[in-house]
Amino acid sequence: MNSLRLSAFLMFFVACTAFAQNIRIVPVDHNSSNDDFALAPTNHGRLVYFTSNRSGEQQIYSMERTSTGWSEPDKVSGKVNSATHVGTCALTTDGQFMVFAGYEHSVDGAGRTDLYSATRENGKFKTITNLAALNSSFYDSQPTLSADGRTMLFVSDRTGGAGKTDIYLSTWSGKEWSAPKQVTGVNSASSEMSPVLASDGRTLYFASDRQGGKGGFDVYVAKLAGYDATNIRPVGEPINTLADELFYTSIPNSDQAYFTRATASGDYDKFMAVPNPFPSDPVVLVEGIVRDSITRAPFGSAMSITDLSTGKSIATLHSDDETGRYYVTLVPGRVYSITSSRNGYMFHSERYEVPPSAKGSTVQKDIDLIPLSSGKTGSLLVFFDNDKSELKPESMPELERVIELMRENVSLKVRFEGHTDDKGSDDYNLKLSQRRAEAVRDYVTAAGIDSSRFEASGFGKKNPIASATTEDARAMNRRVEMRIISTGK
Amino acid sequence: MKKHILMTATVLTLVAGSLLAQNEDVLRPNGKPGDVQQNNKRSSSNRDKMVLGVEGGGLLSFFSQTLERDVQVTGSPEDVLKSASGWGTSYGLFLDIPLSSSFGFQFRGNYNRQSFSSSSTADTIDASIVGIRPRDRENPQGDEVVPMPVQTSVAWTTNSISIAALARIVIVDELFLTVGPIASIRMGDVVRHDEIKKIETDTSTWISIDYNGIAGRYQTISRDVSVATNVLPRGAISTSTYAAARFGLEAGIGYCWRVGPTAYIAPNVRYQYMFSNMNETYQSTDESRSILQRTSNVTYSNAMLNALAIVLQVGFYF
């Protein structure tokens, strides 16, 4: 009788608290009578992956958000699910790179549950790789990726931890994952589980069954800087209850969060909390389609994002092979270059300034790649000081791409065409544009590529691409373009 | 009976350990509480692939048999036949067929060369010192009989082919146990080298007969013999041929180190306990102390040859 009263009181208390914060907890569609957990959104929340043992073993499923709700879950096809248990996956924003955990996977592992990666090719996840640099002979599972795919956190019960399972962090150098280190501040003698790094790269959600919680595993939120987590707080009711709560995931630029909770019937289900009481910082979501500039056919292409203020490549991604769609998350207040390339096409580079005011917005930016055979021109992202013809250091990545293109297409001949804005005399601008075109040619020739494959011409201010006389228009007109003269085929 | 109980308990423990090792999943490092899963669809870490491999290593042999006497004699050279040990070699091929990621069968064939020996420097035989006592009717030569210390050595060498059909059970990670029946088939003769050597250098006593029954004054006598018999040069009233095949049970433990996508090395330690005796019971009369003590009838039985194998396996997935 006492337990009935206690239960009623607890339910009343939880309901009151929920009402007070006006947070609604609703189950996400397509929960089964078995475990459904670790919901991982990608493609700016339009596609989610989750883990379910509805078929008897833990496997990864996906479902898409449509105008009428969530589509029926599909088991991820291919070799990803070829293991006794597979799940707790995380994806890069573009949805092209997945990390997941596998227990007794058909791809050889290092021990017990291991971390694996897979790359999406032609609509299927392939190239299953055991992340040997991160795995131990112990339990390594529940990975999460930063939006740029360069930071991974995961859970391990390897020796040397604070106790039971702990959260570890590794970073991607561009070639390999660093040796994982414990995240300081979050690990305790209890179990820490289900880290999820939000799209802002700073907000870390995790679960712990440490003392002082509501019961079982509770969700905590922290701020992550490097390997240090600070400002750790429980997310509180009504998300945390007597039951287990894990895998708390904030949807970027949204008031929604997903999480997993143990239900009264003993299985785990996926839920949504609205509004999210601890949202991550707003970001800028950029998305678009990469396609042939002539046929408009979408295709997959390698893409990279460079922070022009530091010159560092901050993300590499891939547009979908079938839909051409790409998704990337950017931090406001910075200037980026977005580059896309594909065999048989001139690469495309574009300067993209994300103003602070763009915070929380979604930007559509389609990219048209020019076929090498078309003889058309494409702008090069090279930079000169005003009234100068010396290449600025931030031009070098673009020029390296030109060199790479010429090496990959040994019969290709191109002409660099210099253009200026409307300020100054025709004669002066003609000479300045010629010098700028020659500066590009000379840099590329110095890399050992036959100079007969290059021409350099200046056009002064005759061919503006923006007719206005604003500073932005003038900046667009000060450019060097690359024209295909001959493909040699 | 005790053997069977012990074996049953061992197998049950291994199977239980194997089942408990199956609980982990991607969410729960220690498995779901109270849930022992029956994972029939195992597929992972190359553990679902068949393995063909080679192995080689050392074989530490342990020989023992029971010597029962009708009367006790102390310090007899025959006692050296009670036990022996020694290192040999073993090389083989194996085929591993997994039924799941944590359970499979391993079939193995080995060529073994076993050597084991025993030696004692505390033995004694009765020997005469000629002409030191007054001659009389009962002692016409005037001999004095004294205990003479000797060193007795026996060393067996035998070659065999062994065939084992083993259950392989993964306990945790790459640590596995094997258990199953083993048969050992003798290849050629078992050769035993016997040697009795007088320890003291004085010339007043000697070994008075050799292994061919020829009387003389010997410091050392030796022979190679291919049947089971006594070690003294006379007194055998029966011999026993060595068993052509023996059967037993092998249990071992190993650890698998992956050395590439298609290969691993696995150090193994395993004990081979043979239920079959090495030879049948035989008898002899021990006359080593017949004058100063007495003649003893000896029965040799329960000749056991077991072994501890320490080998390195190299397996290739296919």
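The values are calculated or read from the model by the stated rules, or taken from the named source; none is laboratory data. Keep in mind that this is a model prediction, so the values were computed, not measured. All Cβ positions, even for glycine, are placed from backbone atoms using ideal geometry, and neighbour counts span all protein chains on display.
Considering the conditions (1) in contact (Cβ under 8 Å) with a residue 40 or more places away in the chain; (2) of a type outside the set (Phe, Trp, Tyr); (3) part of a helix (DSSP H, G or I), A:LYS431 is excluded by exactly one of them, (1).
Residues in segment A:284-295 that are surrounded by fewer than 18 Cβ atoms within 10 Å (Cβ to Cβ) and either closer than 20 Å to A:GLY95 by Cβ or touching a residue at least 12 places away in the same chain (Cβ under 8 Å) (or both): A:SER293, A:ILE294.
Out of all the residues in segment A:308-318, is one or more surrounded by 21 or more Cβ atoms within 10 Å (Cβ to Cβ), of a type in the set (Gly, Ala, Ser), assigned to a strand (DSSP E or B) and at pLDDT below 90? Yes, some residue in segment A:308-318 is surrounded by 21 or more Cβ atoms within 10 Å (Cβ to Cβ), of a type in the set (Gly, Ala, Ser), assigned to a strand (DSSP E or B) and at pLDDT below 90. Hey, any hits in segment A:106-121 for a residue that's surrounded by 22 or more Cβ atoms within 10 Å (Cβ to Cβ), in contact (Cβ under 8 Å) with a residue 40 or more places away in the chain and within 14 Å of another protein chain (Cβ to nearest Cβ)? Among the residues of segment A:106-121, not one is surrounded by 22 or more Cβ atoms within 10 Å (Cβ to Cβ), in contact (Cβ under 8 Å) with a residue 40 or more places away in the chain and within 14 Å of another protein chain (Cβ to nearest Cβ), which makes the answer no.
Look at segment A:232-256: where a residue is assigned to a strand (DSSP E or B) and a partner is of a type in the set (Asp, Glu), sitting 6+ places away or on another chain with Cβ atoms under 7 Å, you get A:PRO234/A:ASP218; A:GLU245/A:ASP218. Taken together, the residues in segment A:30-53 that are within 17 Å of A:TYR103 (Cβ to Cβ) and not in a strand (DSSP E or B) amount to 3. Inside segment A:73-98, residues that are surrounded by fewer than 24 Cβ atoms within 10 Å (Cβ to Cβ), within 12 Å of chain B (Cβ to nearest Cβ) and either modelled with pLDDT of 95 or more or part of a loop (DSSP other than H, G, I, E, B) (or both) make up a count of 1. Check whether at least one residue in segment A:125-141 is at pLDDT 90 or above and at the interface with chain B (Cβ under 8 Å from one of its Cβ atoms), and report yes or no. Among the residues of segment A:125-141, at least one is at pLDDT 90 or above and at the interface with chain B (Cβ under 8 Å from one of its Cβ atoms), which makes the answer yes.
Scan segment B:244-255 and tell me whether some residue there is aromatic (Phe, Trp, Tyr), within 14 Å of chain A (Cβ to nearest Cβ), surrounded by fewer than 17 Cβ atoms within 10 Å (Cβ to Cβ) and in a strand (DSSP E or B). It would help to see each step written out before you state the result.
Of the residues in segment B:244-255, the ones aromatic (Phe, Trp, Tyr) are B:247, B:255.
Now narrow it down to the ones that are within 14 Å of chain A (Cβ to nearest Cβ): B:255.
If we keep only those that are surrounded by fewer than 17 Cβ atoms within 10 Å (Cβ to Cβ) too, we end up with B:255.
Then keep just the ones that are in a strand (DSSP E or B); that gives B:255.
So far as segment B:244-255 goes, yes, one or more of its residues are aromatic (Phe, Trp, Tyr), within 14 Å of chain A (Cβ to nearest Cβ), surrounded by fewer than 17 Cβ atoms within 10 Å (Cβ to Cβ) and in a strand (DSSP E or B).
Among the residues of segment A:40-69 satisfying the criterion of being within 27 Å of A:GLY236 (Cβ to Cβ) and away from chain B (no Cβ under 13 Å), which is surrounded by the fewest Cβ atoms within 10 Å (Cβ to Cβ)? Residue satisfying both the conditions and the ranking: A:GLY45.
Residue by residue, here is whether (1) in contact with a strand residue (DSSP E or B) (Cβ under 6 Å, 6 or more places away or on another chain); (2) in contact (Cβ under 8 Å) with a residue 40 or more places away in the chain; (3) part of a strand (DSSP E or B) holds:
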{"position": "B:ILE169", "(1), (2), (3)": "yes, yes, yes"}
{"position": "B:THR178", "(1), (2), (3)": "yes, yes, yes"}
{"position": "B:ALA183", "(1), (2), (3)": "yes, yes, yes"}
{"position": "B:VAL190", "(1), (2), (3)": "yes, yes, yes"}
{"position": "B:HIS193", "(1), (2), (3)": "yes, yes, yes"}
{"position": "B:ASP202", "(1), (2), (3)": "no, no, no"}
{"position": "B:THR205", "(1), (2), (3)": "yes, yes, no"}
{"position": "B:GLY213", "(1), (2), (3)": "no, no, no"}
{"position": "B:ARG217", "(1), (2), (3)": "no, no, yes"}
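Within segment A:349-373, the set of residues being in a loop (DSSP other than H, G, I, E, B) and in contact (Cβ under 8 Å) with a residue 60 or more places away in the chain comprises A:LYS359, A:GLY360, A:SER361, A:LYS365, A:ASP366.
Go over the candidates B:ARG113, B:ARG108 one by one and state the one that is in a strand (DSSP E or B), closer than 24 Å to B:TYR264 by Cα and either more than 14 Å from chain A (Cβ to nearest Cβ) or at pLDDT 90 or above (or both). Full working, then the answer.
Values: B:ARG113 fails: closer than 24 Å to B:TYR264 by Cα.
After applying the criteria, what remains is B:ARG108.
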